[in-house]
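Structure, as structure tokens:
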Amino acid sequence: QLHACKEEMTKLLKTLQMPLTWNEPNGGVNELFSTIGGNLHLNFEVRNSDGFVTLAKKNKTVDEEYLFNAWKEGKDCPSWLQDSIFWIDDPDFQNLWVLRHEERLDQLHRWKDFHLETLMATLENVNRRYDELSAEKANISQEIDSLVLSEARIIGATTTGAAKYKELISIKSASVVMCEEAGEVTEQNVISALTERMENSKETKHLILIGDHLQLRPKVESYSLTKVSGNG
């Protein structure tokens, strides 16, 4: 489910960057007309009978997408389609073919804005679902890791790892923390490895710092102290 949500978000983000077409992976003008309602789709309706297919120049099949692209480019309505539109008995019907090219572009922008609002609402829902699944996955992973740590006598980690998984390690409530090469570790990193008494953990009782200052000199974050010592 997490993987499916991620794929859907990727498709939605790609669709947001695409121009409005008749059919899209996540909807298009065809689906948009269904959402808006009315009979705008009649402007691009192709009625083939007895299995015959209408062809244009270079043997291109005339379908709804072909007519929509022709309309976007500012072309005139085919004569056979004009006859069909003429006989539409609906006072609310809007003949899109009578619009000038500039008016058609304005109409496309309005449809695009409406389409983007729909896609953004869908994207927000998918993103919310992805966050919920990610949190659920993290909880499951933590439960598994907690079970493994509960059976361990010794836990090894870098100071960065100890800080990153502090909540997980605190569940084990290690009473003794041993830090190797302590001269290279700053105070805040040492503190992050310690646990305190809480509802689900106990405090660290012993802290053992091991380091050879003749092998690796202590690391000091303060520039002024480093300068004063003369050992930089």
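Table for the structure above
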| quantity | calculated |
| --- | --- |
| Verdict on D83 being touching a residue at least 24 places away in the same chain (Cβ under 8 Å) and open to solvent by 90 Å² or more (accessible area, probe 1.4 Å) | no |
| Residue within region 32-46 that is acidic (D, E), part of a loop (DSSP other than H, G, I, E, B) and farther than 27 Å from D83 by Cβ present | no |
| So T15, is it in a loop (DSSP other than H, G, I, E, B) and modelled with pLDDT of 75 or more | no |
| Members of region 121-137 found to be closer than 21 Å to M18 by Cα and open to solvent by less than 80 Å² (accessible area, probe 1.4 Å), listed by number | A121, T122, L123, V126, N127 |
| Any hit, region 36-57, residues being among the acidic types (D, E), at positive phi and at pLDDT below 80 | yes |
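For (1) in contact (Cβ under 8 Å) with a residue 60 or more places away in the chain; (2) open to solvent by less than 40 Å² (accessible area, probe 1.4 Å); (3) polar (S, T, N, Q), each residue gets a yes or a no:
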| site | (1), (2), (3) |
| --- | --- |
| N30 | no, no, yes |
| G37 | no, yes, no |
| E65 | no, no, no |
| A70 | no, yes, no |
| D92 | no, no, no |
| W111 | yes, yes, no |
| L116 | yes, no, no |
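The values are calculated or read from the model by the stated rules, or taken from the named source; none is laboratory data. Here the structure is a predicted model, which means the values were calculated and not measured. We place every Cβ from the backbone using ideal geometry, glycine too, and count neighbours over all the protein chains shown. Remember, those area values only see protein heavy atoms, side chains included, never the ligands or the DNA or RNA. Shrake-Rupley method; radii C 1.70, N 1.55, O 1.52, S 1.80 Å.
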